[in-house]
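Colleague: Let me give you the structure first, and then I'll get to my questions.
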Amino acid sequence: HGVVTGRRHDSVRPMTMGDLPTILALDRDAFGADRGFFLRRRWELYPELAWVLERKTRLAGFVLGRRGPQWAAAGPWVVLPGEPHPEYLLGSLASEANGLPLMMGVLASNHAAVGLLHSLGLDERPSPPWRMLLGRDSAVGLSDRLYAIGTAAKG
């Protein structure tokens, strides 16, 4: 699959500083809380793993990544409703991961994300991490626009 091998798409480009206000607003709306510090820091540390998806004249999604010694991780990965190809963002990130195994935290509540990743041939780990929310009936981080969280500790 293109995502597994890493393929860039015409509608995806590297994230720039000018994109940050829109990215922060998209994330706040999708996640339900302000993660501005975390997103800026992720972009500053790994700009080569930060991509935006454009449709006409607007941003339809973004993905940020990070790299470890033997792996790369995708997330946060946010896509607007109705976007037909959220996997384009993942493919562009994978293209910069240089063949490293790609990991991400995907919430089981996002059936579209889980189905997409299964269709791409990606597998689930048998023991997912715990995630805790403060407060009764909290919906923070449970949006169907949130295809991958950043980390369990930061959403």
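The values are calculated or read from the model by the stated rules, or taken from the named source; none is laboratory data. Keep in mind the model is a prediction, meaning the values are calculated, not measured. We place every Cβ from the backbone using ideal geometry, glycine too, and count neighbours over all the protein chains shown.
Colleague: Being more than 14 Å from the chain's Cα centre (by Cα) and either modelled with pLDDT of 95 or more or under 20 Å from Leu80 (Cα atoms) (or both) is the filter here; which residues of segment 18-39 pass it?
Modeller: The answer is Gly18, Asp19, Leu20, Pro21, Thr22, Ala25, Asp29, Gly32, Ala33, Asp34, Gly36.
Residues are listed down the side, and each one gets a yes or a no for (1) surrounded by 14 or more Cβ atoms within 10 Å (Cβ to Cβ); (2) touching a helix residue (DSSP H, G or I) at 6+ places or on another chain (Cβ under 8 Å):
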position: Pro21; (1), (2): no, no
position: Ala72; (1), (2): yes, yes
position: Trp77; (1), (2): yes, yes
position: Tyr88; (1), (2): yes, no
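Colleague: For residues in segment 30-70 being among the aromatic types (Phe, Trp, Tyr) and touching a helix residue (DSSP H, G or I) at 6+ places or on another chain (Cβ under 8 Å), which is nearest to Leu116 (Cα to Cα)?
Modeller: Once the filter is applied, the top-ranked residue is Phe62.
Colleague: Here are some residues: Leu100, Leu120, Leu116. Which one is crowded, with 19+ Cβ neighbours inside 10 Å and at pLDDT 85 or above?
Modeller: Leu116
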